[in-house]
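The values are calculated or read from the model by the stated rules, or taken from the named source; none is laboratory data. Note that the structure is a prediction, hence the values are computed from the model and not measured. Because the Cβ atoms are built from the backbone with ideal geometry, glycine has one as well, and the counts that use them run over all protein chains shown.
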Amino acid sequence: MIPSDPILSVRRMRVWYGTERGPVRAVDDVSFEIRTGETLGLVGESGCGKSTLGRGLMGLLPEGAVVDGSVRFQGQELVGQPRKVLRSMRGPQIGMIFQEPMTRLNPLMRIEDHFLETLRTHEPDLSQDEARKRSLEALGRMGIPPTRFRQYPHEFSGGMRQRIMIALGLVLQPKLVIADEPTTSLDVLVEAQILGILADLKANFDTALLLITHNLGIVAESCDRVAVMYAGKIVEQAETHELFRSPAHPYTRELLASIISLHTTGLRSIPGAPPDLTDPPPGCRFHPRCPDAMLVCRDRDPLPTRPEPSREVRCWLHGPDRVIPEGGRRPLEREGVALADEA
Amino acid sequence: MAAPPVPRSEMSPSVEVPRRVGFVRRTFAPVAQARGIPRAIVWIGAGITAMFILLAIFAPVVAPYHFNQYRTGDGERFVKQEAPSAEHPFGTNVMSTDVMSRVIYGSRTAIEVVLLSLAFALAIGLPLGLVSGYFRGKLDRALVLVMDSMIAFPYLLIAIVVAFLLSEAIGRGVITAALAISVTYTPFYFRVVRNHVISVQEEPYVEAARALGARPRTIIGRYVFQNVIQNVPVIATLNAADAILTLAALGFLGYGIQPTEAAEWGYDIQRAIADAGAGIWWTGLFPGLAIVLLVTGLTLLGEGLNDVMNPVIRKRPIRRVEMPPLPALEEP
Amino acid sequence: MARQTGSLRAYFLTRLLLAVPNLLILLTIVFLLMRVAPGDPISAALGGRLPQEELDRRRHEAGYDRPIVVQYLEFLGNTLTLDFGTTLTDNRALTSVIVQNGAATLELTFFAMVVAVTVGVIVGLVAGRFRDTVLDVGGRLFGIVIYAAPVFFLGFLAQLTFGKWLGLLPTSGRADPVVQFDLDTKTNLFVLDSIITGNWTALWDVTRHLVMPVLTLGLVIGGVFIRLIRVNVLQTLKGDYVEAARARGVPERKVVFRHAFRNALVPVVTVMGLQFAVLLSGAVLTEQTFNWPGLGAELVRYLNNRDYIAVQGIITFTGLVVVFASLMIDVVTAWIDPRVRY
């Protein structure tokens, strides 16, 4: 555990989009912290809002999205900041790595041009030589030789492009990096390499990392702490080994149970599908699919509780008891899980 | 004894039986959902096009005179090149015929020729494109070579030569013009259909169908054809716009339709060029405006449909979001 | 999926090889079309004007009674040596027709393309950047309406306003006859000639004659560019690499210009190539409207006189030009976009 002040502190953040069917509550009252040099894994199924959360932190949301709550980076409040300020922080303070490396580089620009552009934007007084030196350094750390500096993106494979993207994201040495499914479209061997690189970041530069993924295996491998997200809310946060050893939230428990490993003898899945974010279920959003659902779960959204000092859960199973009304702990009768529409 | 077949209504509701009607509705659903400017564009284009089609159909009723009529019922000749007046709202031209009537009858000519040429071009280009794109191989390569060469060549030159040669053989009528125009557009339909067939074949669902053992006829008929057909309305509409311009060009150069057989806008403008020097504006302005209006209407319709149905650049409408305040965390 | 970037030269050579079958097909089609005409070219053009033995003699001289394959091969051979023959009706060497009238068409189409690309790119970029604003709707409408207006209609309107009513510009021909007589035509490109020989009155006069034809043709073609550029800008602005650039803090203006606009313009060169055919078609019409003595006007004249040799020669030449032009366009595109090279 690294004892230091949090570099990123998120309190009650919401990100909603407007659509013709009503607002999509992609991120709905989310709070967490990341400390310097810590890797926080953000896990969840597709459509749970984790990508939106990542982009929302940097202010990279499309038109029509509204952000509410507090996002403090190194003590500075980001929500409500003018675009110019946020833009100037992207690169030197907060870096981002995206999912599909194949299309993230401008096909008409050489790798060199990408780097020079980024460096010149944030450090305009940098000399050509100095800029080149730093770019080659960043690339070198990713295993890209200087001879390929002047090549075009289409001359690189997917894994190499992702490494170039990481180098681009890191060349200005940001304190926090947000990685949105960085290895999802890459094969397993390349994935291992990329994860190794990300681990080195932490070791050598003390970079904090928000690793967004749906792959629990990566999380177990690379993250110090994990936050599990469901339908726009973070249902559980804990240290990785504790979460895997004894998950507190039923959703986490079911997720872990559905992982396929060499010991798996039968397939297990969670019945039903994630809810429609324009019209989420009342009360706890997981209650229609939860095997341990109680009456109170249908009526009220669970409050965050801390069963242990380093763990936070949003689940009525863990209280707080004084808030649960009389009889609320009785099991919820369900008519059978209907075939849900696609979220 | 075998159990009686289960009627459709008794089947589990989760089994959905695809219906033909649903296909049309689904295809054009984005049009109904479109809002604001894209929607306006489609409807304006459709409105203009519909107006001309109506004019074409009801020409003998709507037009004040016949398109070649140069005197009144009593035998009195119209004034030559008379400026717009009560009897001749668009004036008369050098042949003493009424400009407005010629404009109205001109829409009939235009619609006729364009529909014919569309039919010809589709009749040849569509099946050729389907077959070529599906079966590939030598036939495909040969066809592509020929068609590509024709596409690169200036279409008007092809149309002129074909129209001229045809007119030597079968005279200068609507069929000649339609054939000449269709020759220029067939390679285009061929190419579009062929490319679309090829890209559809790469789609996973076609591969899945093949893996399930579907015959080529099924794959072409159900998947490929239906997918390609969805694109045809947009392409045909935009093509129709082009075809009208080509018809007018042929008419302007004198390779169009015999003046005694039909009124044609391009031909009228050619006669009007000489009038421009004398300051006579009505003989050329009205036919020209008719062309501009009809082609614009068709283009708006085609482009509007494309804008609305093309998922890549379709703009999803953005609604304002009002966020209610958060509930307090702790109970009082 | 990494590929080596090929050299530009290799691309050019490969592309050249591919052009050969294209050319062959075009030439074959032209040859066949001309033979489809009733009778042979001699009878068609001169039939009824000369006694039968004279016609037969000429036919034999020209070789029209030989087997068709022989004629075809001779045609191909002549084309390769750029021998397009002599016209039947007025006994001009087609090469001189091409040089003189072709230069007129070249001047017209060149400047028209310049106008088209300039107008198209500017309006298209603005419309795409400011989507759904007045600028966008106005720009798109302009592009649509101007393309819907036949070039001869615009020409008619132009002649009416600028020629008759305002009396500002001449409505026909390339130059005033007196001026043309004085002009030393080395290249037959009058603008170039007047600049080379320092003949400033000629330059002024020739330019005045160019304005209306070039603007009408150029604006009509420009309409297509507007629509294309706009759609490209919309697509590039949504691109993944644009989002990635924003994520690196690149200022919005740079994102728009360097990433979106520049990438959106890549197909412009290709479209110029595609529009080339439309440009030539439009040129025929423009020449008729403004009495411009170009190749298109000559084609119409010879066709009406049934001088199929002349028609064949002009169309063959056009085919050569088209194949060559599309080759050049492809090479330039490969130069701009390194992904295209083999």
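Miscellaneous remarks
- Region B:276-293 residues that are within 7 Å of another protein chain (Cβ to nearest Cβ) and in contact (Cβ under 8 Å) with a residue 40 or more places away in the chain, paired with ones that are part of a loop (DSSP other than H, G, I, E, B) and of a type in the set (A, V, I, L, M) (beta carbon under 9 Å, 6 or more apart): B:Ile291/C:Ala149
- In region B:284-317, residue modelled with the lowest pLDDT [restricted to those that are surrounded by 20 or more Cβ atoms within 10 Å (Cβ to Cβ) and of a type in the set (D, E, K, R)]: B:Asp307
- Inter-residue pairs, beta-carbon under 7 Å, first part of a loop (DSSP other than H, G, I, E, B) and in region B:63-75, second of a type in the set (Val, Ile, Thr), 6+ apart: B:Ala63/B:Ile104; B:Phe67/B:Thr97; B:Asn68/B:Thr97; B:Asn68/B:Thr260; B:Gln69/B:Thr97; B:Tyr70/B:Thr97
- Screening B:Gly125 on (1) more than 9 Å from every other protein chain (Cβ to nearest Cβ); (2) buried (at least 22 other Cβ atoms within 10 Å of the Cβ); (3) over 22 Å from the mean Cα position of the chain (by Cα) shows it passes everything except condition (3).
- Residue in region A:185-220 that is farthest from A:Gly37 (Cα to Cα), counting only those that are among the polar types (S, T, N, Q) and surrounded by 14 or more Cβ atoms within 10 Å (Cβ to Cβ): A:Ser185
- For A:Pro146, the conditions (1) more than 14 Å from chain C (Cβ to nearest Cβ); (2) buried (at least 16 other Cβ atoms within 10 Å of the Cβ); (3) over 30 Å from A:Tyr17 (Cα atoms); (4) not hydroxyl-bearing (Ser, Thr, Tyr) all hold with the exception of (2).
- For region A:79-107, a tally of residues being buried (at least 23 other Cβ atoms within 10 Å of the Cβ), closer than 18 Å to A:Pro6 by Cα and hydrophobic (A, V, I, L, M, F, W, C) returns 1.
- Check on A:Glu181, closer than 27 Å to A:Ser88 by Cβ and away from chain C (no Cβ under 14 Å): no
- If you go through region A:53-87 and keep only what is at the interface with another protein chain (Cβ under 7 Å from one of its Cβ atoms) and under 27 Å from A:Ile194 (Cα atoms), you end up with A:Met58, A:Leu60, A:Arg87.
- Flag if C:Val278 is at the interface with chain B (Cβ under 10 Å from one of its Cβ atoms), within 22 Å of C:Ala127 (Cβ to Cβ) and either touching a helix residue (DSSP H, G or I) at 6+ places or on another chain (Cβ under 6 Å) or part of a helix (DSSP H, G or I) (or both): yes
- Within region C:52-110, the set of residues being among the acidic types (Asp, Glu) and under 16 Å from C:Arg301 (Cβ atoms) comprises C:Asp90 only.
- Considering residues of region A:230-265 that are surrounded by fewer than 23 Cβ atoms within 10 Å (Cβ to Cβ) and hydrophobic (A, V, I, L, M, F, W, C) only, the residue modelled with the highest pLDDT: A:Phe244
- Output for region A:27-46, where each listed residue is within 13 Å of the chain's Cα centre (by Cα) and away from chain B (no Cβ under 14 Å): A:Phe32, A:Glu33, A:Ile34, A:Thr39, A:Leu40, A:Gly41, A:Leu42, A:Val43, A:Gly44, A:Glu45, A:Ser46
- The residue that is nearest to the other protein chains (Cβ to nearest Cβ), among those in region A:149-178 that are within 20 Å of A:His214 (Cβ to Cβ) and in contact with a Gly (Cβ under 7 Å, 6 or more places away or on another chain), is A:Ile178.
- Restricting attention to region C:298-324, the residues being within 15 Å of the chain's Cα centre (by Cα), hydrophobic (A, V, I, L, M, F, W, C), under 21 Å from C:Ala93 (Cβ atoms) and facing chain B (nearest Cβ under 10 Å) number 4.
- Selection within region C:236-270: residues that are within 14 Å of chain B (Cβ to nearest Cβ) and surrounded by 18 or more Cβ atoms within 10 Å (Cβ to Cβ). The member of this set that is farthest from B:Tyr255 (Cα to Cα) is C:Gly239.
Residues are listed down the side, and each one gets a yes or a no for (1) at pLDDT below 90; (2) in a helix (DSSP H, G or I); (3) out of contact with any helix residue (DSSP H, G or I) (no Cβ under 8 Å at 6 or more places or on another chain); (4) charged (D, E, K, R):
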{"residue": "C:Leu160", "(1), (2), (3), (4)": "yes, yes, no, no"}
{"residue": "C:Leu169", "(1), (2), (3), (4)": "yes, no, no, no"}
{"residue": "C:Asp205", "(1), (2), (3), (4)": "yes, yes, no, yes"}
{"residue": "C:Met212", "(1), (2), (3), (4)": "no, yes, no, no"}
{"residue": "C:Gly223", "(1), (2), (3), (4)": "yes, yes, no, no"}
{"residue": "C:Val242", "(1), (2), (3), (4)": "no, yes, no, no"}
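- Checking A:Val313 against (1) within 22 Å of A:Arg14 (Cβ to Cβ); (2) out of contact with any Ser or Thr (no Cβ under 7 Å at 6 or more places or on another chain); (3) at pLDDT 85 or above, the condition it does not meet: (2)
- Flag if A:Arg11 is surrounded by fewer than 17 Cβ atoms within 10 Å (Cβ to Cβ), more than 14 Å from A:Val177 (Cα to Cα) and at pLDDT 90 or above: yes
- Residues of region B:242-275 that turn out to be more than 10 Å from chain C (Cβ to nearest Cβ) and in a loop (DSSP other than H, G, I, E, B), as a count: 9
- Residue that is nearest to the chain's Cα centre (by Cα) [pool: residues in region C:171-203 that are in a loop (DSSP other than H, G, I, E, B), among the hydroxyl-bearing types (Ser, Thr, Tyr) and farther than 14 Å from C:Thr289 by Cβ]: C:Thr187
- The set of residues from region C:281-296 being in a helix (DSSP H, G or I) and more than 7 Å from every other protein chain (Cβ to nearest Cβ) comprises C:Gly282, C:Ala283, C:Thr286, C:Glu287, C:Phe290, C:Leu295, C:Gly296.
- Only residues that are within 22 Å of the chain's Cα centre (by Cα), in contact (Cβ under 8 Å) with a residue 40 or more places away in the chain and either away from chain B (no Cβ under 14 Å) or part of a loop (DSSP other than H, G, I, E, B) (or both) were counted in region A:248-307, giving 15.
- Per-region count, region A:142-166, residues in contact (Cβ under 8 Å) with a residue 40 or more places away in the chain, over 19 Å from A:Glu100 (Cβ atoms) and assigned to a helix (DSSP H, G or I): 0
- Where C:Asn291 falls short, out of the listed (1) buried (at least 20 other Cβ atoms within 10 Å of the Cβ); (2) more than 12 Å from the chain's Cα centre (by Cα); (3) modelled with pLDDT of 85 or more: (1)
- Matching residues in region A:113-143 - criterion: being surrounded by fewer than 17 Cβ atoms within 10 Å (Cβ to Cβ) and under 25 Å from A:Ser88 (Cβ atoms): A:Asp113, A:Arg120, A:Glu123, A:Pro124, A:Asp125, A:Leu126, A:Ser127, A:Gln128, A:Asp129, A:Glu130, A:Lys133, A:Glu137
- Among the residues of region B:264-303, those that are of a type in the set (Gly, Ala, Ser) and within 30 Å of B:Arg39 (Cα to Cα) comprise B:Gly288, B:Ala290, B:Gly297, B:Gly302.
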